[in-house]
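A short write-up of the structure that comes next.
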Amino acid sequence: MTVFADYAPWYDLLYQDKDYAAETSFVEARLRDHGVSSGKLLDLGCGTGLHALAFARQGWNVAGIDLSHEMIASAKARAAQAGLSILFRQGDACETGPERDYDAVVSLFHVASYQTSRDALVAMFRTAHAALKPGGVFFFDYWYGGAVLAQGVETRVKVIEQKPLRLTRIAQPHHDEPNAAVTVNYTLFCEDTDRATIRRVDEAHHIRYWFPFEIDAALATSGFQPADHAAWLTQDAPNSKSWAAYSVARKAGKP
Ligand SMILES: C[S@@+](CC[C@H](N)C(=O)[O-])C[C@H]1O[C@@H](n2cnc3c(N)ncnc32)[C@H](O)[C@@H]1O
């Protein structure tokens, strides 16, 4: 089954508490630290477009790519409704497309960990490299291996009520430690309490956690200069308390 297909209509409800505007401001600040403060920005694995719209509202000229037709359809509808001109297309971030001359490429909320082999990670980094202009900056986050091993994985249940909808998500992880991989088996129960209907959706998400040295090797293979790594939404070194880490890498050359 395609990942983020049946899951897509429920995605925004599931992450309604995620502060996309604050995250976008944080990413913008890190891009600025690396000398990029405006221009063209490409969002790889843009999902339903919430970061992309936030960047566009800040004045960036934004495009987005996602593997899931359903997520892209949602992103397009959202941009049209907001009156924002953002070029969204369905596509694989692991295949270099026509995108060129970008000042910044971002890939947010663990897209790099959805690439479950080193070859796939390198392919995604090559796409980012090809899309950037010389001196352009690539910002992305990933599941940080040190935190996954220290904290371990466990079954989680999340319930969201937005009348008349009630969404219950059960996330059952299977940890394949020798391969630094986790399969998260999601079961969603989507209830309409007015109509007394219930629908079940099942999706397995395959995730690879990474260590900064692996990220560095893949970036070097893809032509990037060495990256900065930090714990998500901080400027501290990646650490076992923070599940996600991010990296900021630059394409060689002067803008
Ligand atoms: C957890 S979601 C994050 C979506 C969005 N960036 C956000 O912050 O809400 C991961 C997204 O990565 C996309 N994705 C995973 N692998 C991809 C690939 N190879 N090419 C394009 N999109 C990919 C999925 O379809 C999904 O929309």
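Just so you know, all these numbers are worked out from the coordinates, no wet-lab data involved. These figures come from a predicted structure and were not determined experimentally. Methodologically, a virtual Cβ is constructed for each residue, glycine included, from the backbone with ideal geometry; neighbour enumeration extends over all protein chains shown.
Note on segment 126-147 and segment 195-245: Cα centroid distance 11 Å, given to the nearest whole angstrom. Which links in Lys76/Lys133; Lys18/Lys158; Lys40/Lys254; Lys76/Lys251; Lys18/Lys40 stretch past 18 Å when you go from one Cα to the other? From the list (Lys76/Lys133; Lys18/Lys158; Lys40/Lys254; Lys76/Lys251; Lys18/Lys40), the Cα-Cα distance tops 18 Å for Lys76/Lys133; Lys76/Lys251; Lys18/Lys40. Available extension along the chain between Arg57 and Asp101 is 13.8 nm, counting 0.36 nm per residue and deducting the alpha carbon span.
Per-residue ellipticity at 222 nm from helix content only, as computed over the chain with -39500 (n - 2.57) for each DSSP H run of at least four residues, stands at -8500 deg cm²/dmol.
For segment 75-91, list residues with backbone N below 11 Å from a point placed 7 Å from the Cα of Thr2 toward its Cβ? Label zone hits: 90-91. Size descriptor for the chain, Kirkwood hydrodynamic radius: 18.8 Å (Cα pairs only, one decimal). A crude spin-label estimate for the pair Thr183 and Asp92, with each label 7 Å from Cα along the Cβ direction, gives 2.1 nm. Taking every pair of alpha-carbon atoms in segment 106-255, give the share separated by more than 21 Å as a whole percent. Tail of P(r) above 21 Å: 52 percent of Cα pairs.
To the nearest 0.05, what FRET efficiency results for Ile170 and Ala217 with a Förster distance of 41 Å applied to their C-beta separation? So the FRET efficiency works out to roughly 0.70. The per residue volume of the convex hull around the alpha-carbon atoms of segment 109-164 is 161 Å³.
Averaged over residues, the count of other Cβ atoms within 10 Å places the peptides 68-75, 94-101, 29-36, 5-12 in the sequence 68-75, 5-12, 29-36, 94-101, highest first.
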